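Only one structure is covered here, and it is reproduced in the block below.
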Amino acid sequence: MNDQPVNDQPGSRGADHSPEQPRDLGHPLRLGLLLPDDDPALATQLAWAAARVGVDLLAARDGEDGEAWTTLAYLASALAEGGDPGAPIDGARQGAGEESGPRAPMDLLAIVSAAGNPAVLGRAAASLDLLSGGRLELALDPGVPGPLDASSEPPQPHHAEDRAAESLRVITGIWDTGDPGKLRFRGEHVTVAGTPRGPAPAHPLRLGLVAQRRRAQRMAGRLAQSWVSLEAPIGASIGDGEGGEEGIAALVEHWRRARTQVDDAAVAAGRDPREIVGTVLVPPAFSAGNSLPVSMLLGVAAGVSTFLIAPASVEELEVWAENADRVRREVADAREQAGIAVGIRPSLAVRQARVPGIDYDAIPSELDPIEPGDPRYGTVRSTYMRGGRPGLVLRPQDAAGVSAAVRYARAQGAPEAMPLSIRSAGHGMSGRSTNDGGIVIDLRAMRSIEVLDAATRLVRIGPGAQWGEVAAALAPRGWAISSGDSGGVGVGGLATAGGIGLLGRQFGLTIDHITAVEMVLADGSQVRASASENAELFWGVRGAGSALGIVTAFEMRAQEVGDVGLAILVHPMPDAADLLERWGEVAAAAPREVTSFLLAQGARAGQDAMAQSITVVNRSEPEAILADLQPLADVAPLAQQQVVLTPYAGVVVPSQPTHRGRGAPVTRSVLLEEITPEAAAAMADLLASGQVHFFQIRTTGGAAADVPVDATAYAGRRGAFSVLAMGSERAALNAAFAPVEAFGVGNYHSFETEPGREPQTFGPNLPRLLALKREVDPHNVFRDNVVLA
Ligand SMILES: Cc1cc2nc3c(=O)[nH]c(=O)nc-3n(C[C@H](O)[C@H](O)[C@H](O)COP(=O)(O)OP(=O)(O)OC[C@H]3O[C@@H](n4cnc5c(N)ncnc54)[C@H](O)[C@@H]3O)c2cc1C
């Protein structure tokens, strides 16, 4: 739905105004078709012709001979691809499962029986929303019997309406994925014993009610985002003849009365009538000649904005199209003269949850915003590590959108007056890619992965991609880029910081494979940086990118990587210091094809201390892999072992992109040149302190250490081991960590949440980095991760 929100406008009604006669509410005018449910061939011809003549909306209704879902799913797919809906649908066209599939060229309205299972309806709508690229809206129709009704007496109209109202509530609950609990609902007609919520529609999805009777119209006013009228009053076909002046007057009066019911109920429920869109079917008798434009023009003045006709032929549709242009023009002129802004008032829930200081009406619509109160908010508010409550999440689709987002955020006073966070895939350890009350620029929509030059294995990757997605995309070519140990981590966060990965000892850090970046700077300008363009920025972005701008694309050179050996070895750890020292010695001495990460856990209630290594051996011959693994297996007796041969894409697999982090993480990082007996003893004490609930050592060094310290902003080249400790109590963790830190030669800022550690992170590169920062971001706009002030 292409709806721009509107705020108060002079003379318009709002929840704080008393009810009055309906008037033009400024909703976008939409002229559409209701497709026949009993003639699939005509429905297809009409839909195709509708795309040609520029219809705003296609509606399909459940009927005896067809289901609205089936019709619209088929048409959404065919029309979105620009194909002929008469042709069969192939798998490539389906597009389901994508977060943003191809976009249908018009809005789609599914008018479905309110007697269906509402949980199923809600989920089906979320799928069709994806398939149509966000063009769907849904209306429940109490007038269409459900499958169970056929075998028994049809329910009384008021029972069917009550059931529809309960179903509206259930569907809203299914879409409320911000609530982690199962949905339970006990109504008079609908019961949901406990079902997982979701999926939420990926786009705003209007939920309406077909309301012929006053009772249902009042329900729509209380609960729905649209009311739909599909029947004409008897008076509209009498008087001075069908479609004549008296008939038009009767028809429009019928709409006006319905709208009054809707609006009065809305105001009584504390809502604003401008939240509720009016959709009517213009009866066939009014579809010809001048009756159609006149009834539509009068209808707009009575608070209706979406007009459907049900043409009997393509020719009838073409005549309608000529009238449609006139109506569009006249409505636009009338609105301009009356100073009526076009848009749909956000719901009360959304308005109440708004954060003062953010001008929600000024958000550029291409930024696909999500704000508190939006049912999709729960899917974007938090990150993997931290729960957040931002006032606004902007979701640009491209570099121009990122630029617009930066300019918009700065116009709201960010970051001085409100927090500003940049998010790629939301796996930041610091959790700073969300915030409370501020703005998040979420780059997840920018996740394309394309090959620029196959001969040199040059690829271009969007920041919102997860590394697991990158691995899967490169695997068919036998390529890989060393990233980290988790496929859910985002390209944007990791490739601006370093990238200590499971192929790292052989291929170095992820940043060592970047050949160019495209960025948006603090002033919103778009730049490219490489060894030959903006070379200083290119230097800085590889290690401190998050403090310099927003990377909108990375160009990187992949490596040829066949199947690799992946081993998981578990050792009991009665003597932690001994095991850590031995493992460190063996892991550092191994050939560069071997990269090992070690997870260690002190003794806990009922559990002995243990260590688990995850090791990648970049060789394809099983014997060679086992030979390389043997020294690691020998560091201590084994409790479990598992070795598999897998593509690199089997090592890092993508994860669920919706995060439900809570609280705020506390982590500490240090880089060690070697694990000396003293350092091992300090780490054993740390593990025994009870202050650490996650402890990992990653081997780095190898090829990463071949690169001079001043070649990139990343300064931790001397570190052969990256140590990460995660706790829950900051002061206690700091105290327990200090003895380990004493052996350090720096830290990795992606694993560090303690503020003020930039001197340790950037070491000798810090003065150069500060000078660069002053040049490209003098007002310190990008301060949520590394602070260079
Ligand atoms: C489970 C897990 C495993 C991990 N394993 C490894 C590992 O093995 N090796 C390793 O090196 N790291 C690892 N990390 C750390 C990870 O690399 C960083 O936390 C990284 O920032 C996450 O990237 P993201 O895009 O998912 O994060 P986000 O939370 O989206 O972003 C984190 C920060 O990066 C900055 N940022 C994000 N996108 C951009 C952009 N496009 N341009 C500029 N700045 C940006 C922002 O300041 C943001 O606050 C791991 C993290 C987790 C949670």
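Tabulated values for the structure
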item: Of the trypsin sites (Lys or Arg not before Pro) in segment 605-675, those whose Cβ has at most 13 other Cβ within 10 Å and which sit in DSSP loop; result: 662
item: Rounded to 5, the percent of DSSP beta bridges in the chain classed as antiparallel; result: 60
item: Whole-Hz couplings from phi, Karplus 6.51/-1.76/1.60, listed for segment 546-558; x for Gly and Pro; result: 5, 8, 10, x, 10, 7, 9, 7, 10, 9, 9, 9, 7
item: Trypsin sites (Lys or Arg not before Pro) restricted to segment 123-224 and DSSP loop, no more than 13 other C-beta within 10 Å; result: 182
item: Sequence-separation-based contact order of segment 506-663, relative, with Cα cut under 8 Å and 6+ spacing, percent; result: 25
item: Ordering of 479-487, 498-506 by packing [mean C-beta count within 10 Å, highest first]; result: 498-506, 479-487
item: Relative contact order, percent, segment 407-508 [alpha-carbon distance under 8 Å, six or more residues apart]; result: 24
item: Cα-only radius of gyration and Dmax that characterise the chain, units Å; result: 30.5, 102
item: Relative contact order [Cα under 8 Å, 6+ residues apart], the chain, whole percent; result: 10
item: Tensor-based shape of segment 651-722 (alpha-carbon gyration tensor, a/c under 1.5 rounded, otherwise prolate or oblate); result: oblate
item: Two-decimal Rg to Rh for segment 494-634 - Kirkwood Rh, Cα set; result: 1.12
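Each reported figure results from applying straightforward, stated rules to the coordinates on display, with no laboratory input. Worth saying up front: this structure is predicted, and the values here are computed from it rather than measured. Note: ideal-geometry Cβ built from the backbone for every residue, glycine included; neighbour counts use all protein chains shown.
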